[in-house]
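Please read the structure below before turning to the comments.
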Amino acid sequence: MAEQDTLSETGTTDWKEGIAEEHISAVSAFQSKAELAKGYSELFSKMGSSTKIPTADSPAEEVSAFYKQLGRPDTVEGYKVPVLDEGQEVNKEFFNEMAAGAHEAGMSGVQFDKIVDRYVEFEKQIKEAEVVEFNRYREEADRKLHEDYGVDYDKNIELSKRAYTEYAGDDLKELLATDKFIGLMNEPAFIDMLVEIGKKNMDDTFIPGEGPVGKKDDYVPNSPNSPSMYANMDGEEGVKARAYFRSKGHQYERKD
């Protein structure tokens, strides 16, 4: 049977006789017509179960089915949100934009995870570098203040802190607490400004570490940031404290 399979109709043993010359290379790996038929059958079966690669003209449904077989989630929400270290938060707006782009491009969940992991690691390195630079600048600024103030360093730093507490409004304090401006609190020029405000508006005779310092010749309650604690206080201290806070816009139900 094998011998018959390898014989051509002309009686030769070259089963490829009769095949056009341009097709010879395509069947040269087969030893007989039987092997060729078997190979063609296996190829046909494989092609029937394989995914068709879409083209630029393929309908959206066909493209979507192709991406799904490659591992793309059904929706944008199917991509996993990364788990960050304690104290870090995912920028949801940025992540959602990345996920939308990945879904449109047909990216699988595994591929997207790899991209996100690399991005998270990059951001982590950037943050660590920023912390190192912030600490370096803070130490450098503190050395400069020590050189500029000399023996008055402690006194001037105390003056700057009290001036900031007394005169900086809530909006400014909130702004200076942001990542964008927090470095300003260590800027020697900014501290110099607070020191000058303190010298011009506060009692020059205060001892660092004592109670709140008020404007010259002005009354300031012992707790200048707690108007509510004086709402029902009796005596001269209560009256003076309520008058102080009323002058700053606070309203009390009690009438003095």
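The values are calculated or read from the model by the stated rules, or taken from the named source; none is laboratory data. A quick note: this is a predicted structure, and the numbers were derived from the prediction, not measured. Neighbour counts run over all protein chains shown; Cβ positions are idealised from the backbone, glycine included.
Restricting the stretch 66-106 to residues that are of a type in the set (D, E, K, R) and within 15 Å of residue 121 (Cα to Cα), which is surrounded by the most Cβ atoms within 10 Å (Cβ to Cβ)?
85
Output the qualifying pairs, or none if there are none: Cβ atoms under 9 angstrom, residues six or more apart or on different chains, first residue in the stretch 9-26 and under 16 Å from residue 37 (Cα atoms), second residue among the hydroxyl-bearing types (Ser, Thr, Tyr) and modelled with pLDDT of 75 or more.
Partner pairs satisfying both residue conditions: 15/32; 16/28.
Residues to consider are 182, 157, 191; find the one that is surrounded by fewer than 14 Cβ atoms within 10 Å (Cβ to Cβ) and touching a helix residue (DSSP H, G or I) at 6+ places or on another chain (Cβ under 8 Å).
182
Every residue in the stretch 128-154 that is over 16 Å from residue 192 (Cβ atoms), free of Cβ contacts under 8 Å to residues at least 24 places away in the same chain and either surrounded by 14 or more Cβ atoms within 10 Å (Cβ to Cβ) or hydrophobic (A, V, I, L, M, F, W, C) (or both), please.
Scanning the stretch 128-154 gives 129, 131, 132, 151.
Here are some residues: 213, 220. Which one is assigned to a loop (DSSP other than H, G, I, E, B), modelled with pLDDT under 80, surrounded by 14 or more Cβ atoms within 10 Å (Cβ to Cβ) and not acidic (Asp, Glu)?
213
Please tell me if residue 51 is under 29 Å from residue 107 (Cα atoms), modelled with pLDDT under 70 and either of a type in the set (Lys, Arg) or surrounded by 11 or more Cβ atoms within 10 Å (Cβ to Cβ) (or both).
Taking the combined requirement at face value, the residue satisfies it.
Would you check if residue 57 is loosely packed, with under 14 Cβ neighbours inside 10 Å and farther than 28 Å from residue 128 by Cα?
So residue 57 passes the test.
Would you mind telling me which numbered condition in (1) in contact with an Asp or Glu (Cβ under 8 Å, 6 or more places away or on another chain); (2) farther than 30 Å from residue 183 by Cα residue 124 fails?
Going through the list (1) in contact with an Asp or Glu (Cβ under 8 Å, 6 or more places away or on another chain); (2) farther than 30 Å from residue 183 by Cα, residue 124 breaks only (2).
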